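Here the structure is laid out as structure tokens; the discussion comes afterwards.
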Amino acid sequence: MQKKSIFFNQKGATAVEFAIVLSLLITLIFGIIEFSLFIFNRQVITNAAREGARYGIVAAPERRSNVEIQDEVLKYAEKHLITFGDDVLTADDIFISAPCTTFQCDLGVTVDYTYKFLFLFNLVGDIDLRATSVMKME
């Protein structure tokens, strides 16, 4: 006599469990990638502010204008940010402290950037990043 199981037929249980685990695994992997891109772009914004401040304070026959400093920041960000086709930065996102033309004067460069998540945009939304660098004029 054949024993009858008290459980239902479990032929499809493995496929259902695999589908549940796979969706969680893919979400975790994309979350790690997304967070890594966020950290990388935050560092790029910080370096762009630093590059702009450094470009503005270095001694030169003529001091660099705010537009030249903004162009340097934009050039650095355009070269290094990972945006997947979104706009990188504009000159409106870069703020430079009052013109500084004397020795030992502080020059500050602030860069604002809105990071847009690709995969987790519904969960996290956009995050505003701000980096400031202040250096003394040479």
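Quick note: the coordinates plus some simple rules give every number you see, no bench work behind them. In this text, all values refer to a predicted model and were calculated from it rather than measured experimentally. For neighbour counting, all protein chains shown are included, and Cβ atoms are generated from backbone atoms with ideal geometry for every residue, glycine included.
Once the dipole of the range 13-136 is set up with Lys and Arg at +1 and Asp and Glu at -1 on Cβ about the Cα centre, which of 122, 24, 49 lies farthest towards its positive end?
Positive-end residue among those listed: 49.
State, to one decimal in nm, how far the label point of residue 124 lies from the label point of residue 13, with both points 7 Å from Cα in the Cβ direction.
3.8
Loop sites only, by DSSP: take the trypsin sites (Lys or Arg not before Pro) in the chain that have at most 10 other C-beta atoms within 10 Å and name the longest stretch containing none of them.
Details: sites that count: 3, 4, 11.
Free of exposed loop sites, the longest segment is 12-138.
Is the range 63-138 best put as rounded, prolate or oblate by its Cα gyration tensor, with a ≥ b ≥ c the root eigenvalues, rounded for a/c under 1.5, and otherwise prolate when a/b is larger than b/c, oblate when not? Kindly include the intermediate steps, with their values, before the conclusion.
Numbers: a/c = 3.50, a/b = 2.30, b/c = 1.52.
It comes out prolate by the Cα gyration axes.
Mind checking the range 26-88 for GluC sites (Glu not before Pro) that DSSP puts in a loop (not H, G, I, E or B) and that have at most 15 other Cβ atoms within 10 Å?
Filter output for the range 26-88: 62.
What is the chain's relative contact order, in percent, from Cα pairs under 8 angstrom and six or more apart in sequence?
Working: 172 pairs, mean separation 37.3, N = 138.
Answer for the chain is 27 percent.
Quickly work out the residue 92-to-residue 58 label distance, labels modelled 7 Å from Cα along the C-beta direction, and quote it in nm with one decimal.
Here the answer is 3.1 nm between the modelled labels.
Identify the chymotrypsin sites (Phe, Trp or Tyr not before Pro) of the range 43-138 meeting these criteria: DSSP loop state and at most 10 other C-beta atoms within 10 Å of the C-beta.
Working: sites: 55, 76, 84, 95, 103, 113, 115, 117, 119, 121; in loops: 84, 103, 117, 119.
Filter output for the range 43-138: 84, 103.
Can you list, bin by bin at 5 Å, the percent of alpha carbon pairs in the chain, starting at 0?
2, 9, 16, 15, 11, 9, 7, 6, 5, 4, 3, 3, 3, 2, 2, 2, 1, 1, 0, 0, 0
Among 31, 52, 85, determine the one that fluctuates most according to a GNM of the chain built with springs between C-alpha atoms less than 10 Å apart.
The residue that fluctuates most here is 85.
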